[in-house]
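The structure under discussion appears below in the form of structure tokens.
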Amino acid sequence: CNDCLRELLDPKDRRFEYPFLNCTQCGPRLTIVRQAPYDRQRTSMADFEMCADCRREYEDPADRRFHAQPTACPACGPRLMLLDPSGAELKAADTLAEVGTRIASGSIVAIKGLGGYHLVCDAFDAEVVTRLRERKNRPSKPLAVMAADLGVAEKCCHLTKGERVQLESLQRPIVMARVRGDAPVSDRVAPGNPHLGLMLPGTPLQHLLMRACAPAVLVMTSGNLGEEPVIVEDREALDKLRDTADVFLTWDRDIERRADDSVMRVVSGAPLLIRRARGFAPEPVALTGACPEPILAVGGHLKSVVAFGQGKQAVLSPHIGDLGTPAGWEAFRTAVEGYQRLLGIHPRIVAHDLHPDSASTRYAVERQERQGARCVPVQHHHAHLASCLADCGHEGPAIGVIFDGAGLGTDGAIWGGEFLAGDRSAVVRAGHLRYVAMPGGEQAIRQPWRMAAAHLLDAGLEPERYCEAMPTHASVTLRKMIDRGLNSPRTSSMGRLFDAVACLTGVGKGVTFEGEAAMRLEWLATGLPAEKQTYPLELIEHNGVISLDTRPAIRAIAEEVDGRRSPGAVARKFHSSVVAWIDAVCRRLRERLHLSVVALSGGVFQNAILLMECEDSLRGSGFHVLRHRKVPPNDGGICLGQIEVAALRAREALTGFDEEMPPVSGPGEKAAC
């Protein structure tokens, strides 16, 4: 807080340049608490006995540190340590000055943060950024940076008013903002990306670090390997990052719960969370109806977040990560068990995704067998819709435009381009993208040329002519796979359509992280004016369900690419087309279903162009538009929808249920600093 910052920089104050000062208005809570209630002896500060001066402040009701549980000073609190990769302590007269010197000379430093480790280096130095990418095996995924202050941030990016507000907010998230053409940061930080993930210092250590470093902008990316969760334990950091970091800056207080950096965009002046973690979680989210019994929602397989529902509130964990690695699976189990203890909730219902092979679903079934909890399966896209409704405090019904990469549908196909109609109680599938094959299954996510070839073949075109990224030897095999249905599930995914179009424009030849091809298609279109002419689409209605036939659009895109129209122009026209398609389908559904509320959810709506123009278009057509603000539109928000659906089903199974139930208790008076 501002009061602590003044003390931090005041040479006359006894906490001058002490990297762990705090008061009741700021400091760690979630990441140090071991169990409720939130008292010092139940936190990782229990090992630090207060000196007489700190004790006097702690016990004085008139002092702003009255009962500030993490309160400490240089005489009695945690201390910094600089370690080499073997774990040996490096002595320095001024530890932070030494770190600053090493960063300025090209070192990569692993730094223990509030909720986990960061990997830090000079953002101006292309050579060291390239070295960090090589060591971390992160060839192209954008890296976040920390600017010393708002003035430095302004030199890096064109900041809107809303982006400035979020950068300086107490939560201190990473904010994605348009990069300046003359930005001093290396183009290796976010290659090909018109945006930069910016944050400002939020902890005393970060403020001191930025003052100690000659670079005014530092790369500050999560300290982990691949898609594993951010590392929180010192021994694990030394073990896993010894070949990545040159030195380690740590301290002798344990992190009890990981809390990665939150990530957001500001779209149409309103925040859009991409990753909800430090600063936002576990702040409770209001439910549209009460839970008759405690509920655990285990979320999805990617971007894992779990949630606990009790009374009329849901508490969502911070972002955990993907569950496809042993470290991710262990972090998931630890989070479930840890938050259950912290909140004092013993769930009798476990809500989960329909997909039987999802790690979170397997956990739910295992918990049912082991503890007798009742499993409630919730279809993936229904959970997205219910999540958006809850986020906006709307009970429904609504038209749900749910666009993402993949979710198991009730017919066994892979859904992802869905128009649903309903509420948290039930939905009908009112429309969807035309099914195409997904040759290779999950391989088609990692190799977008497979989806490009599938869409071209579906449209009656030769992929060899239009899909340069497709290996020459793959054509015959791919055709056989599709014709015979071999490892080629049907999909209606809008995310996979974005991948296909990205590949046709030349920016989706190969991906190194989830969603990369679709992101690059958005980057191509960024800054270009909306197209009035759109790609054609045929709406085919059968048994009351609208199928969006994409074949005319694919033919038109292939023709323009073959005619050497610029990739940016094709990308921009495609975005405008998707907006027009959504508007057309929603207007037709309004005529039939008499619904004038539209909820936008799913990972595709992380796309700022699509979200902003869909909002404008639908509002222009007279719709009331709901979009996410408190939880992400991606799979990081579906646990909220799972709770909503499971709670309603449980209420409907009971009679005489009293809606007035006690709210969830949290770890402290402030949720997440």
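Structure values in brief
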item: The stretch 230-250: number of residues that are open to solvent by 10 Å² or more (accessible area, probe 1.4 Å) and in contact with a strand residue (DSSP E or B) (Cβ under 8 Å, 6 or more places away or on another chain); result: 4
item: Segments classed as strands (runs of 3 or more DSSP E), wholly inside the stretch 109-169, with at least 1 members that are aromatic (Phe, Trp, Tyr), crowded, with 16+ Cβ neighbours inside 10 Å and modelled with pLDDT of 95 or more; result: 117-122
item: Pairs where the first residue, in the stretch 468-481, is on the phi < 0 side of the Ramachandran plot and the second is surrounded by fewer than 14 Cβ atoms within 10 Å (Cβ to Cβ) and of a type in the set (Asp, Glu), C-beta under 9 Å, 6+ apart; result: Met470/Glu464; Thr472/Glu464; Ser475/Glu462; Ser475/Glu464
item: Those residues of the stretch 510-547 which are over 18 Å from Val578 (Cα atoms), of a type outside the set (Asp, Glu) and either surrounded by 19 or more Cβ atoms within 10 Å (Cβ to Cβ) or touching a His at 6+ places or on another chain (Cβ under 6 Å) (or both), in sequence order; result: Val511
item: Tabulated pairs, the stretch 643-659, first at pLDDT 95 or above, second outside any loop (DSSP other than H, G, I, E, B) and hydroxyl-bearing (Ser, Thr, Tyr), C-beta under 8 angstrom, 6+ apart or interchain; result: Glu644/Thr288; Glu644/Ser387
item: Some residue of the stretch 280-287 being aromatic (Phe, Trp, Tyr), surrounded by 21 or more Cβ atoms within 10 Å (Cβ to Cβ) and assigned to a loop (DSSP other than H, G, I, E, B); result: yes
item: Which numbered condition Met50 fails, given (1) surrounded by fewer than 19 Cβ atoms within 10 Å (Cβ to Cβ); (2) assigned to a loop (DSSP other than H, G, I, E, B); (3) free of Cβ contacts under 8 Å to residues at least 40 places away in the same chain; result: (1)
item: Selection count where residues are at negative phi and assigned to a loop (DSSP other than H, G, I, E, B), scope the stretch 73-108; result: 19
item: Selection count, the stretch 357-379, where residues are over 22 Å from Pro284 (Cα atoms) and within 24 Å of the chain's Cα centre (by Cα); result: 9
item: Subset tally (residues that are touching a residue at least 60 places away in the same chain (Cβ under 8 Å), under 17 Å from Arg242 (Cβ atoms) and not aliphatic (A, V, I, L, M)) for the stretch 117-137; result: 6
item: Some residue of the stretch 38-45 being acidic (Asp, Glu) and surrounded by 14 or more Cβ atoms within 10 Å (Cβ to Cβ); result: yes
item: The stretch 567-612: number of residues that are in contact with a His (Cβ under 7 Å, 6 or more places away or on another chain) and either assigned to a helix (DSSP H, G or I) or open to solvent by 30 Å² or more (accessible area, probe 1.4 Å) (or both); result: 3
item: Selection count where residues are open to solvent by less than 10 Å² (accessible area, probe 1.4 Å) and in a helix (DSSP H, G or I), scope the stretch 613-635; result: 3
item: Top-ranked residue of the stretch 441-486 - restricted to ones that are charged (D, E, K, R) and either in contact with a helix residue (DSSP H, G or I) (Cβ under 8 Å, 6 or more places away or on another chain) or assigned to a loop (DSSP other than H, G, I, E, B) (or both), ranked as modelled with the lowest pLDDT; result: Glu468
item: Which listed residue, of Val561, Val476, Val507, is surrounded by fewer than 19 Cβ atoms within 10 Å (Cβ to Cβ) and β-branched (Val, Ile, Thr); result: Val476
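The values are calculated or read from the model by the stated rules, or taken from the named source; none is laboratory data. This structure is a prediction, so every number in the text was calculated from the model and none was measured. Note that each Cβ is placed from the backbone with ideal geometry, even for glycine, and that neighbours are counted across all protein chains shown. All accessible areas refer to the heavy atoms of the entire protein, side chains included, with ligands and DNA or RNA removed. Shrake-Rupley method; radii C 1.70, N 1.55, O 1.52, S 1.80 Å.
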